[in-house]
1. Can you tell me which residue in the range 149-181 is farthest from the ligand (Cβ to nearest atom), limited to those that are more than 18 Å from the chain's Cα centre (by Cα) and not in a strand (DSSP E or B)?
2. With the checklist (1) crowded, with 22+ Cβ neighbours inside 10 Å; (2) closer than 23 Å to residue 107 by Cβ; (3) within 16 Å of the ligand (Cβ to nearest atom) in hand, flag the one item residue 132 doesn't pass.
3. Between 36, 41, 57, which is within 14 Å of the ligand (Cβ to nearest atom) and either among the charged types (D, E, K, R) or in the same structural domain as residue 188 (by TED's automatic domain parsing) (or both)?
4. Pairs, please: C-beta under 9 Å, at least 6 apart or cross-chain, first residue outside the structural domain of residue 205 (by TED's automatic domain parsing) and at positive phi and in the range 155-176, second more than 16 Å from the ligand (Cβ to nearest atom) and modelled with pLDDT of 95 or more?
5. Quick one: count up the residues across the range 251-290 that are surrounded by 13 or more Cβ atoms within 10 Å (Cβ to Cβ), free of Cβ contacts under 8 Å to residues at least 40 places away in the same chain and outside any helix (DSSP H, G or I).
6. Mind listing just one residue for me: the one in the range 4-35 that is small (Gly, Ala, Ser) and part of a strand (DSSP E or B) and, of those, farthest from residue 72 (Cα to Cα)?
7. Any residue in the range 100-123 that is in the same structural domain as residue 27 (by TED's automatic domain parsing), within 16 Å of the ligand (Cβ to nearest atom), in a strand (DSSP E or B) and touching a residue at least 12 places away in the same chain (Cβ under 8 Å)?
Amino acid sequence: MAVQVYEDIGHHITRIDTGMIHDELAACYLLEGGDEYAVIETGTHNTVPRILALLEERAIRRDQVSYVIPTHVHLDHAGGVGGLMEALPRATLLVHPRGARHMIDPSKLKAGATAVYGEKAFGEIYGDIIPVSEDRVRTMADGDEILVGSRRLVFFDTPGHARHHFCVYDPASRGIFTGDTFGLSYPVLTTAKGPFILPTTTPVQFDPSALKASIRKLLALAPERVYLTHYGRLDNPQPLGEQLLIMVDDFVALAEGVAACSDDDTLDGNLRRAMADYLLAAARSHGCTLAEEQLRTALGMDIQLNSQGLAVWLRSRHRAG
Ligand SMILES: [Zn+2]
């Protein structure tokens, strides 16, 4: 099955598959506001040519893109920022106040990712990270607004997945670009019951109470749709948000339960097994009929990242307490 790299998803928004690791894993978006455009999320540095090819295909001049807007500075969202800004002469980078310095000097992001993945895999997955000149960066605080042409976008501070995370509300479509705040939902796991959604607790800033508050804040906007980075447009987000709130509580209970019967050496492995058991059972009860191996492939990376993030959270709480 060939996946569409570019898909018009309504309301003058195009979903772009970033091509990171495999299809339908990470998206970014081109939003049209009359003669001006914004790119929301960038994928990795390796995604930049795909975004530029779309502009070319649509006969959009590069100087018509006014804004580049990563929801937070994790590399699957912001890794392409520097390369894209280089190619878009008039664009301003809009970023969370806590993320700006990492876009201006990405050495820490690069060192962090290289430490986790190694030089070779870092190159393959992320390509590179290029700094952005400070005078092209504008930070967006809670409630700040911009116009893309005549189209208004409103920014909301949404910590919980990461402290450097905002979400972008688009009143024209009654939709929200949610980054990782409103969880993950892969098309391959959608069933007759609808999308299968799960929270992401990636290291190192997972904060369950902040995440729940942020999810509630998004639901309070009464959105009709959400645009997830992982992956795509979901309609009728209210019940999905309720589901996420339950699962954040479940993850906390799971983490505390595992911590109670683990020592420091066994904690990580036990968390990983418990997260795998939980997510696989949840997908099965959602009616997912993928073979065991495909299911583990679809959820494997998130089982790993979520359990690592919960371990970091448990240990930091332990230190704080
Ligand atoms: Zn993230």
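1. Across the range 149-181, the extreme among qualifying residues is 150.
2. For residue 132, the failing item is (3).
3. Values: 36 fails: within 14 Å of the ligand (Cβ to nearest atom); 57 fails: within 14 Å of the ligand (Cβ to nearest atom).
After applying the criteria, what remains is 41.
4. Between residues of the range 155-176 that are outside the structural domain of residue 205 (by TED's automatic domain parsing) and at positive phi and residues that are more than 16 Å from the ligand (Cβ to nearest atom) and modelled with pLDDT of 95 or more, there is no close pair.
5. 1
6. Step one: filter the range 4-35 for residues small (Gly, Ala, Ser), giving 10, 19, 26-27, 33-34.
From what's left, part of a strand (DSSP E or B): 27, 33.
Numbers: 27: 14, 33: 22 Å.
It comes out as 33.
7. Looking for residues that are in the same structural domain as residue 27 (by TED's automatic domain parsing), within 16 Å of the ligand (Cβ to nearest atom), in a strand (DSSP E or B) and touching a residue at least 12 places away in the same chain (Cβ under 8 Å), one finds none in the range 100-123, hence no.
The values are calculated or read from the model by the stated rules, or taken from the named source; none is laboratory data. Note that this is a predicted model, so its numbers are computed, not measured. Counting neighbours? That spans all protein chains shown, and the Cβs are built from the backbone with ideal geometry, glycine included.
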